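Colleague: Can you keep this structure in mind? I'll have questions shortly.
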Amino acid sequence: MNIEELLRRGEGKTIEFKRDLSSPRNILRTLTAFANTAGGVLLIGIDDETREVFGIDQPLDEEERLCNMVADGIEPRLLPNIELVSRKNKTLLAVEVFPSQLRPHWLKRQGPESVFVRLGSTNRRADTDLIAELRRTVAGESFDERPLPELDADIIDLHAASELFQNQRKISEKELETLRIITRFQKRRVPTVGGLLLFGKNRAQVFPDAWVQCGRFAGKDKSRIFDHTEIHEHLPVTVERIIDFLKKHAMRGADLSQVRRRDVWSVPLTILREAVINAVVHADYSQKGAPIRVSFFDDRIEIENPGILLPGLTVDDIRQGISKLRNRVIGRVFKELGLIEQWGSGVVRMFAEAQTLGLPEPRIDEIGMRYRFTVFLAEAITTQVSEKVAGHVTTEVTTEVTTEVTTEVTTEVERVMEALEGEMSRREIQEKLSLKNDEHFRKAYLLPALEAECIEMTLPDKPRSSKQKYRLTEKWKAHLGKEGRTRRLGSATAGHSEAPE
């Protein structure tokens, strides 16, 4: 055990210092938190604020006292490695705890609900959802593989799943079972938690907090928000909606050094896409009142999901590419769709990409019961918000830009405009795009195109008319003409894949 290295690193998720054994309850909390989370070392005989080494008097007696404290105070029984170590003629008591296969451990006097986990350099009491998560990890179970016997399999939107998988393979009901989107329960076919989260028609009724909150803030804190959106799409589509929001508030310039024009974004889309996918795949959907949050500030973008690191993992492990999959069904589907390449490689790629782009190193934090990934921008993207709207939510904002900027629309809206020839009905547009799901076409394609004022109704006063048709707006005809294009708006960025349909 390298005492000098532990002193240099200081207190954190796996290290804590105590002056003496005068606070038995706090010591037992630390040991149970280590055992329930990622293990750790407790050094007794060191001031936790100054890191000054005092040592302990009567070390053999204190060692026996500590052993009795652990045996009498923790359930299930915990067997840490306790030893006496020397530093500069002073004796320290070192207690090493490993991640336990008997977790959750708790304080015997306070009962099974007194479970603690380690967050940063603090011990936090776990709630019932986190205690259940600890038990699942020991049993090798995944929350999203659990069946939902109170629901029928037809709650799964087969058409939406088929459209997303249309470039991979045909999705049948048997394939849904193979992917564990549905499963057998007492001779009935029922959805799994993951299946409902991925493709459930009424997901919000069972998981009202499984959505994404996106916000663009004026400045470097959350005191002034001027744009936000809530995303309640199927999870694979959610990734694209989040990226669309980020691109909406980014700047796009043009790289004309090559034969073909290439769009250059002021935000690192490759890194952000990986971070967004990680947040969606690894979120703890069992937590109540905890949506995924994406916060766009002038100088950085924070992507935050509910759920601390799984037991046995530290931030250093994550940075080195060590990964544990919290949601197996969601992860499997994302891998089948090509959104994930290899487990654990995403974080390594993000750090490498940041270094290649000359960006500050991304930051990983456990904040409360949440995991946060922060991507820093090369240059601040400042905003102007009038006093009238400061502190209130609005979408009428202006962004100061220093490069050539073009109006940004989603990939789906681009496809609608490409399909339009003169005036066309909703059914004609949908058939030309080879989309079968009416509701998905309406929400993901038609409505966003209307809201962006890229297309317009021929009968705006009669939106439900059977004779209703759609056409490009004059504004967008002029825009496309100015750009020298009649249909395509170009890809979002080099190497960026289109949104799944």
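The values are calculated or read from the model by the stated rules, or taken from the named source; none is laboratory data. Predicted model only: the values in this text are computed from it and were never measured. Every residue, glycine among them, receives a Cβ derived from its backbone with ideal geometry; neighbour counts consider all protein chains shown. These area figures cover heavy atoms from the full protein model, side chains too; ligands, DNA and RNA do not enter into them. Shrake-Rupley method; radii C 1.70, N 1.55, O 1.52, S 1.80 Å.
Colleague: Given a 1.4 Å probe and every protein chain left where it sits, what share in percent of the accessible area of segment 283-354 is carbon and sulfur?
Modeller: Carbon and sulfur together cover 45 percent of it.
Colleague: Mind putting together the pair-distance distribution for the chain? All Cα pairs, 20 Å bins, whole percent per bin, short to long.
Modeller: 20, 46, 26, 7, 1
Colleague: Check the straight Cα-Cα distances from Lys335 and name the lysines below 28 Å, setting aside those fewer than 8 residues away within the same chain.
Modeller: Partners within reach: Lys170, Lys174, Lys201, Lys247, Lys248, Lys288, Lys324, Lys436, Lys443.
Colleague: Which whole-number value in Å² is the accessible area per residue of the chain, probe 1.4 Å?
Modeller: Result: 49 Å² per residue.
Colleague: Here's another thing I want to ask about it. Ranked from highest to lowest mean number of other Cβ atoms within 10 Å per residue, what is the order of the peptides 37-43, 145-151?
Modeller: Going by the mean number of other Cβ atoms within 10 Å, highest first, we get 37-43, 145-151.
Colleague: Return the distance in nm (one decimal) between the two label points of a simple spin-label model at Lys187 and Thr356, each offset 7 Å from Cα along Cα→Cβ.
Modeller: Result for the modelled spin labels: 5.6 nm.
Colleague: Follow-up. For segment 93-199, which whole-number percentage of the solvent-accessible area (1.4 Å probe, protein heavy atoms only) is attributable to carbon and sulfur atoms?
Modeller: Using a 1.4 Å probe with all protein chains present, segment 93-199 comes out at 49 percent carbon and sulfur.
Colleague: As an exercise, use a Förster radius of 35 Å and the Cβ-Cβ distance of Gln110 and His232 to find the FRET efficiency, rounded to the nearest 0.05.
Modeller: Approximately 0.30, to the nearest 0.05.
Colleague: Something else: Tell me the relative contact order for the chain as a rounded percent, counting alpha carbon contacts under 8 Å between residues six or more apart.
Modeller: Answer for the chain is 12 percent.
Colleague: So, R0 is 35 Å and r is the distance between the beta-carbons of Thr458 and His159; what FRET efficiency does that work out to, to 0.05?
Modeller: After rounding to 0.05, the efficiency reads 0.80.
Colleague: What spacing in nm lies between the two simple spin-label points modelled at Gln468 and Leu433, each 7 Å away from Cα in the Cβ direction?
Modeller: Simple spin-label model gives 1.5 nm for this pair.
Colleague: So how do 174-183, 278-287, 8-17, 219-228 stack up, highest first, on mean other-Cβ count within 10 Å?
Modeller: Taking the mean over residues of other Cβ atoms within 10 Å, the ranking is 278-287, 174-183, 8-17, 219-228.
Colleague: Here's a follow-up. Please give, to one decimal in nm, the separation of the simple spin-label points placed at Asn2 and Thr50, each 7 Å out from Cα toward the Cβ.
Modeller: 2.7
Colleague: Please label the shape of segment 103-195 as rounded, prolate or oblate, based on the square roots a ≥ b ≥ c of the eigenvalues of the alpha-carbon gyration tensor (a/c under 1.5 means rounded; beyond that, a/b larger than b/c means prolate, else oblate).
Modeller: Because a/c hits 1.5 or more and a/b exceeds b/c, segment 103-195 counts as prolate.
Colleague: Could I ask something else about it? Under the classification rounded if a/c is under 1.5, otherwise prolate if a/b is larger than b/c and oblate if not, where does segment 268-347 fall, given a ≥ b ≥ c as square roots of the Cα gyration tensor eigenvalues?
Modeller: Verdict is rounded for segment 268-347.
Colleague: Sort segment 144-280 into rounded, prolate or oblate with this rule: let a ≥ b ≥ c be the square roots of the eigenvalues of the Cα gyration tensor; rounded if a/c is under 1.5, and if a/c is not under 1.5, prolate when a/b is larger than b/c, oblate otherwise.
Modeller: oblate
Colleague: Report the normalised scattering of segment 1-110 as log10 I(q)/I(0) at q = 0.10, 0.11 Å⁻¹, calculated by the Debye formula with identical scatterers on the alpha carbons.
Modeller: -0.25, -0.31
Colleague: Cβ neighbours within 10 Å, averaged per peptide: list 463-476, 93-106, 66-79 in order, most packed at the top.
Modeller: For the peptides 463-476, 93-106, 66-79, the packing ranking is 93-106, 66-79, 463-476.
Colleague: Roll a 1.4 Å probe over the protein heavy atoms and report the accessible area of Ile322 in Å², nearest 10.
Modeller: 80
Colleague: Can you compute the FRET efficiency between Ser86 and Thr122 using 1/(1 + (r/R0)^6), with r the Cβ-Cβ distance and R0 = 22 Å? Round to the nearest 0.05.
Modeller: Efficiency, rounded to the nearest 0.05: 0.15.
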